[in-house]
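Asker: A single structure is presented below for examination.
The values are calculated or read from the model by the stated rules, or taken from the named source; none is laboratory data. Here the structure is a predicted model, which is why all the values come from computation and not from measurement. Positions of Cβ are generated from backbone atoms using ideal geometry, with glycine treated the same way; all protein chains shown enter the neighbour counts.
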Amino acid sequence: MKPIHERRKLKNYLFVNKAQVTIFVSNLILLLLVIGIVVLAILSPFYSDIFKTEDIYLQNLSSKLFIVLLERCALAFFIILIPVLIQQVFVIHKICGPFVNFKKTLNRISDGDLSQKIHLRRYDFFQKEAHQINGIIDNISNMLTNISDSQNAIVRDLDGLASLTGKSDPLAGALKNIESQTRRALNEVSRIKVIS
């Protein structure tokens, strides 16, 4: 069984953003254009034989062949169209799905949440890019954790130094000021969620 982050949900195959619709429609138009050109190329000689010749036998034969070929081309058109459309949905999903995941993750990062990583399914495109972004998230999380640890150590040391000095000592006031600023910086850093 696939891991949870690799499972597909049927509702996710629906078009959820403009990019998916644009890609799908443009590919559909291209497919229809190609099929139309092929059908015209196949049927045009028979069409000209039907209307531009005086021979009744040739007109009759050409019209019968035209109708048979038209029916077969229409059948072939639908036989080709359905799998191509299904394939397009899957390919578009493998392209646009990662972009949706990137967008959600980057929005969370911009909100200060570095605990979320990009998880793509095994056959999705942009695996390398997702891995790079996850590496960036890990590096930033590690740096913030190190900064937080250093600030905690500074606060502890400042508390210790402040307790050694008297309350009236000017050094004690300066140490308290530094401790206060360090605590504020620590509070800012601690608001960011990092990977545990």
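Asker: What tally of residues in region 45-78 results from selecting those that are exposed (fewer than 11 other Cβ atoms within 10 Å of the Cβ) and either of a type in the set (Gly, Ala, Ser) or assigned to a helix (DSSP H, G or I) (or both)? Working first, answer last.
Answerer: Here is the first cut: in region 45-78, the residues exposed (fewer than 11 other Cβ atoms within 10 Å of the Cβ) are 51-52, 54-57, 71, 75, 78.
If we keep only those that are either of a type in the set (Gly, Ala, Ser) or assigned to a helix (DSSP H, G or I) (or both) as well, we get 51-52, 56-57, 71, 75, 78.
Going through region 45-78 one residue at a time, the tally reaches 7.
Asker: Please work out which residue is farthest from the chain's Cα centre (by Cα), limiting yourself to region 155-196 and to residues that are modelled with pLDDT of 75 or more and among the acidic types (Asp, Glu).
Answerer: Asp159
Asker: Determine whether Lys94 is under 10 Å from the mean Cα position of the chain (by Cα) and loosely packed, with under 13 Cβ neighbours inside 10 Å.
Answerer: On the way: under 10 Å from the mean Cα position of the chain (by Cα): yes; loosely packed, with under 13 Cβ neighbours inside 10 Å: no.
No: the conditions fail for Lys94.
Asker: Of the conditions (1) out of contact with any His (no Cβ under 9 Å at 6 or more places or on another chain); (2) part of a helix (DSSP H, G or I), Ala130 fails just one. Which one is it?
Answerer: Going through the list (1) out of contact with any His (no Cβ under 9 Å at 6 or more places or on another chain); (2) part of a helix (DSSP H, G or I), Ala130 breaks only (1).
Asker: Scan region 27-44 residue by residue and report those that are under 25 Å from Ile92 (Cα atoms) and surrounded by 11 or more Cβ atoms within 10 Å (Cβ to Cβ).
Answerer: Scanning region 27-44 gives Asn27, Leu28, Leu31, Leu32, Val34, Ile35, Gly36.
Asker: So how many residues does region 121-154 have that are closer than 27 Å to Gln88 by Cα and either in contact with a Gly (Cβ under 8 Å, 6 or more places away or on another chain) or at pLDDT below 85 (or both)?
Answerer: 4
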